[in-house]
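The values are calculated or read from the model by the stated rules, or taken from the named source; none is laboratory data. If you're wondering where the values come from, they're calculated on a predicted model, not measured in any experiment. Note: ideal-geometry Cβ built from the backbone for every residue, glycine included; neighbour counts use all protein chains shown. Quick note on the areas: whole protein, heavy atoms, side chains included, nothing else; ligands and nucleic acids left out. Shrake-Rupley method; radii C 1.70, N 1.55, O 1.52, S 1.80 Å.
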Amino acid sequence: MNYDEAGSLTEVLETRLRESITGVDAPVSRRTVLGGLGVAGAGALAGVGTADEEHQDDDREHGNFGAVDEYRDTDFDPHEFLRTFNTGRSGQDAVPQRVSEEDGRTVREFEFTAVDTRISIAPGVEFSAWGYNGQVPGPTIRAVEGDLIRIEFRNLGRHAHTIHPHLKNLNPRMDGTPQNGPGVLDTGESFTYEWIAQPAGVHFYHCHSLPLKEHLHRGLYGTIVVDPDPERVRKNPREYTDYRGPITDEFRTRLVEEAKSRNHEYSENDAVDEMVVVMNSFDTNFDGDNEVYAANTRAFAYGVGQTDGEGNWQPGETKRPIQIDKNERQRVYLVNTTEFDPVNSLHTHSQFFDYYDHGTALTPTHDTIDTVMQCQAQRGIVELDYSDHQPGLYMFHAHQSEFAELGWMSFFEVV
Ligand SMILES: [Cu+2]
């Protein structure tokens with residue numbers, strides 16, 4: 001696919017999406033707009049998680065769109081977000097944290113708030129979101145297995161929130177549910193959560209206030225990457241593989257090497273280009289049905305915008321593919337935070353990948369697949385190798401074609 005054709009495709013889909021949301025006065029179900037499954041209109045679904053005054057305010061606010069083709073929210077850049085975490089690579093931004101030692105354990109302290117904010121999910125389309133530190137998805141936390149993650153959390157939003165970790169957490173007070181520990185935190189309240197980073201893998205955090213689906217779809221979620229500790233892998237190899245045969249020295253060494261490549265504190269990790277892709281969605285008219293889908297919040301952010309045909313992006317162009325070096329291995333930490341639809345998926349064109357479900361093992365759950373599905377809250381590691389491929393554009397997207405057409409369509413640009 002050449003740059004012009006990819007650019008046209010992106011533009012057609014983006015225009016159609018934008019018009020489906022902004023081009024009509026009354027909220028209209030996306031399925032009606034796309035002539036899909038009939039008229040399950042907004043009225044029929046009204047009341048699904050929307051029965052309070054604030055939503056009516058929000059619905060009215062949806063009349064205030066930015067100028068067409070403009071993003072009003074300039075703070076969040078899906079391209080920066082992709083690689084903003086402790087990658088161990090010099091020159092790359094990490095999420096601010098204090099690192100210290102306590103009782104022989106590395107402690108990583110983060111400051112999180114929950115705030116009400118407005119985010120741009122497509123050009124001219126804004127969404128009244130609730131975000132950790134004002135961003136959706138929230139900051140990516142990365143730690144090494146056994147570290148202590150300490151989060152000083154303060155709720156600055158109008159609703160009561162928590163942070164619930166998908167980790168092996170031994171203390172119920174730290175579970176971030178309404179029924180445990182401090183319970184929900186009202187506006188202005190704060191609490192310090194402490195979690196041991198375990199097990200190794202790619203995990204998830206989110207608000208657990210009720211109604212849960214509303215607090216999730218508004219944007220209160222993020223990714224936790226827990227790197228395996230190679231020394232622990234050497235001692236306990238069985239915990240890191242489904243393989244049930246004998247653990248030979250050779251196999252043990254292979255697992256340890258794989259653990260080093262996953263651990264940002266080891267130089268073996270430097271040869272891997274790591275990124276976080278959160279599959280998310282937005283119900284812009286609060287009818288319990290998503291209107292916009294995305295990889296990392298902004299529809300078509302990794303599509304193809306205007307170029308000179310040589311992959312040089314015009315100044316200010318916000319739509320551009322994820323550029324990857326064919327000599328590096330790519331590792332995508334893939335998380336599904338989609339609400340309302342039970343399943344989301346990733347499909348790569350012209351390429352097969354290895355998939356590690358939840359990232360908890362060092363041997364793949366699936367070898368050589370080109371499509372993987374994840375249910376809500378499921379996540380995993382996708383490992384790609386484009387070293388055989390000619391340079392150029394390679395598409396990847398949700399294989400629910402509706403999701404792809406409504407924003408979850410992206411490209412890698414192999415160079
Ligand atoms: Cu919440």
task = May I ask you to give the percent of accessible area on region 219-347 that is carbon plus sulfur, with a probe radius of 1.4 Å?
result = 43
message = Probe of 1.4 angstrom, ligands and nucleic acids ignored: what's the accessible area per residue over region 78-231, in square angstrom?
response = 35
key: Prolate/oblate/rounded label for region 78-231 (Cα gyration tensor, a/c 1.5)   = oblate
request  = Could I have the simple spin-label model distance between residue 401 and residue 80, label points 7 Å from Cα toward Cβ, reported in nm to one decimal?
outcome  = 3.7
remark   = Along region 330-345, Karplus-curve 3J(HN,Hα) (6.51, -1.76, 1.60; θ = phi - 60°) to the nearest Hz, with x for Gly and Pro, reads 9, 10, 10, 7, 9, 10, 9, 10, 4, 9, 6, 9, x, 9, 10, 7
message = Classify region 119-163 from the C-alpha gyration tensor, please: rounded if a/c falls under 1.5, else prolate or oblate depending on whether a/b exceeds b/c.
response = oblate
message = Assuming 0.36 nm per residue, please report the length gained on full extension of the stretch residue 213 to residue 248 beyond their Cα-Cα distance.
response = 8.0 nm
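On a 1.4 Å probe surface of the protein chains, which of 217, 166 comes out largest in accessible area, and what is the full order?
Details: 217 10, 166 50 Å².
Result of the area sort, largest leading: 166, 217.
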Computed accessible area, residue 118, all protein chains, 1.4 angstrom probe, square angstrom = 80
note = In terms of the alpha carbon gyration tensor, root eigenvalues a ≥ b ≥ c, rounded if a/c is under 1.5 and otherwise prolate when a/b exceeds b/c or oblate, region 221-354 is oblate
note = Checking rank on 400-409, 206-215, with mean other Cβ inside 10 Å and highest first, the result is 400-409, 206-215
request  = Using R₀ = 45 Å, calculate the FRET efficiency as 1/(1 + (r/R₀)^6) where r is the Cβ-Cβ separation of residue 352 and residue 186; round to 0.05.
outcome  = 0.35
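Highest mean first, what order results for 388-397, 279-288, 122-131 on Cβ atoms within 10 Å? Could the numbers behind the result be given before it?
Numbers: 388-397: 17.1, 279-288: 24.4, 122-131: 22.5.
So the peptides 388-397, 279-288, 122-131, ranked by packing, come out 279-288, 122-131, 388-397.
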note = Given 151-159, 176-184, the highest-first ranking by average Cβ count within 10 Å works out to 151-159, 176-184
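Quick check on my link table: of 168/235; 168/319; 168/326; 213/319, which ones sit more than 26 Å apart, alpha carbon to alpha carbon? Provide the component values of the computation, followed by the final result.
Numbers: 168/235 20 Å; 168/319 38 Å; 168/326 36 Å; 213/319 29 Å.
In this structure, 168/319; 168/326; 213/319 exceed 26 Å between Cα atoms.
With the other protein chains left in place, how much accessible area per residue, in square angstrom, belongs to region 341-404 at a 1.4 angstrom probe?
Numbers: 2620 Å² over 64 residues.
Normalised by residue count, the accessible surface of region 341-404 is 41 Å².
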